[in-house]
Amino acid sequence: PELGFLPNIRDHDLSVYIKWQGQALAIGGYEPHPIFWEGERHFEFGLFDLDYDAFEFNLNGHFTRVPSLENVGIAHTVSGPESFTPDHKPLMGEAPNLRGFYLGCAFNSSGIMLSGGCGEQLAEWVEHGRPSMDMFGYDINRFHPTQSRDAQWTDQRSHEAYTKNYAIVYPHDQALAG
């Protein structure tokens with residue numbers, strides 16, 4: 001109760017995020033050494049038990065950012081597989097093999113941050129055949145069809161994209177994977 005109102009917070013140095021959800025804080029983060037899930041690729045509506053050993057790094061980051069969190073309990077946890085595109089950017093634009101079908105998906109953790117601007121550009125794309133801004137970095141056509149069939153490349157690049165989620169990415173940064 002003594003926290004009062006908090007805006008949504010992302011602390012890139014501590015690799016954590018915090019947001020109000022009802023009467024509680026939803027906390028989460030990106031661990032520096034994620035566990036790559038080797039399970040089935042079609043995983044729907046299921047959750048894992050939280051791996052506190054893996055989440056300890058993030059939990060300590062939360063205690064640093066909001067020290068009073070150490071004195072409260074955890075009401076519930078949500079832990080499940082998360083999918084990332086190989087460059088951790090959304091997939092937008094007209095589907096290459098289905099004329100008139102537009103995609104606006106794969107935003108992952110960036111949905112709240114990108115949804116307004118991307119929604120506007122996608123609406124223009126549908127109405128005018130192209131967006132008014134340069135959206136090539138999000139255009140589904142940035143990937144060559146053969147890349148999606150290379151599971152090893154996709155897995156390695158997606159794993160690296162996750163680990164770089166809160167990293168400073170400099171101009172001309174080159175992916176290590178692939």
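The values are calculated or read from the model by the stated rules, or taken from the named source; none is laboratory data. Not measured: the values here are computed from a predicted model. Methodologically, a virtual Cβ is constructed for each residue, glycine included, from the backbone with ideal geometry; neighbour enumeration extends over all protein chains shown. These area figures cover heavy atoms from the full protein model, side chains too; ligands, DNA and RNA do not enter into them. Shrake-Rupley method; radii C 1.70, N 1.55, O 1.52, S 1.80 Å.
What net charge is computed for the residues neighbouring Pro86, neighbours being all others with C-beta under 12 Å from the C-beta of Pro86, Lys and Arg scored +1, Asp and Glu -1? Please report the intermediate quantities before stating the final value.
On the way: positive: Lys89, Arg142, Arg157, Lys164; negative: Asp87, Asp150, Asp155, Glu160.
Cβ neighbours under 12 Å give a net charge of 0.
Heavy-atom accessible area per residue, the chain, 1.4 Å probe: how many Å²? Mind dumping the intermediate values first?
Values: 12420 Å² over 178 residues.
On a per-residue basis, the chain sits at 70 Å².
Among the helices of the chain (complete DSSP H runs), which have Cα atoms covering no less than 20 Å along the helix axis and a Kyte-Doolittle mean of at least -1.0? Walk me through the intermediate numbers first.
Numbers: long enough: 111-128 (25 Å, 0.11).
Correct list, ordered by number: 111-128.
What does the helix-only formula give at 222 nm for the chain: each DSSP H stretch with n ≥ 4 adding -39500 (n - 2.57), the total divided by the residues, and the result rounded to the nearest 500 deg cm²/dmol? Intermediate results must be reported in sequence, preceding the final value.
Details: 4 runs with 49 residues, N = 178.
After summing the helix terms and dividing by the residues of the chain, the value is -8500 deg cm²/dmol.
For Ser132, what accessible area in Å² do you get when you roll a 1.4 Å probe over the heavy atoms of the protein chains, rounding to the nearest 10?
80
For Cα extents along the principal axes in Å, the listed values are [x] 59, 46, 34; [y] 54, 36, 35; [z] 56, 31, 28; which was obtained by calculation from the structure presented?
Here Cα extents along the principal axes in Å agrees with entry [y].
Ignoring ligands, DNA and RNA, how do Ser79, Ser148 rank by accessible area with a 1.4 Å probe, largest first? Display every interim value, and only then the final one.
Working: Ser79 25, Ser148 95 Å².
Of Ser79, Ser148, the descending order of accessible area is Ser148, Ser79.
Taking H placed 1.01 Å from N in the peptide plane, check which residues at least 5 places from Gly29 or on another chain put their amide H under 5 Å from its amide H.
Tyr17
May I ask you to give the percent of accessible area on the chain that is carbon plus sulfur, with a probe radius of 1.4 Å? Write out the running numbers ahead of the final one.
Details: 6760 of 12420 Å².
With neighbouring chains kept in place, the figure for the chain is 54 percent.
Taking 8 Å as the Cα distance limit and 6 or more residues as the minimum spacing, I'd like the relative contact order of region 37-178 as a percentage. Present the calculation step by step, with values, prior to reporting the outcome.
Values: 124 pairs, mean separation 31.5, N = 142.
Value for region 37-178: 22 percent.
Which value, in Å² rounded to 10, gives the accessible area of Ile9 with a 1.4 Å probe and all protein chains present?
Here the accessible area works out near 40 Å².
What longest region of the chain stays clear of trypsin sites (Lys or Arg not before Pro) that DSSP places outside H, G, I, E and B and that have at most 10 other Cβ atoms within 10 Å? Please list the in-between numbers first.
Working: sites that count: Arg41, Arg99, Arg149.
Answer - 42-98.
Run through region 53-157 and list the chymotrypsin sites (Phe, Trp or Tyr not before Pro) located in a DSSP loop whose Cβ has at most 16 other Cβ atoms within 10 Å.
Qualifying residues, ordered by number: Phe101, Phe136, Phe143.
Can you grab the distance from the C-alpha centre of region 129-175 to the C-alpha centre of region 1-63, Å, no decimals?
Measuring centre to centre over Cα atoms gives 23 Å.
Given a 10 angstrom Cα cut-off, can you work out which residue in Glu82, Glu44, Glu31 is the most mobile in a GNM of the chain?
Glu44
Which sequence of Met133, Met92 reflects their accessible areas, 1.4 Å probe, from the largest down? Can you show the working numbers first?
Details: Met133 115, Met92 0 Å².
Ranked list, largest accessible area first: Met133, Met92.
What spacing in nm lies between the two simple spin-label points modelled at Met133 and Glu82, each 7 Å away from Cα in the Cβ direction?
2.2
Roughly how much of Asp87 is accessible, in Å² to the nearest 10, using a 1.4 Å probe?
The accessible area of Asp87 comes to roughly 40 Å².
Among rounded, prolate and oblate, which fits region 91-178 when a ≥ b ≥ c are the square roots of the eigenvalues of its C-alpha gyration tensor, a/c under 1.5 means rounded, and a/b larger than b/c means prolate? Walk me through the numbers on the way to the answer.
On the way: a/c = 2.15, a/b = 1.40, b/c = 1.54.
The shape class here is oblate.
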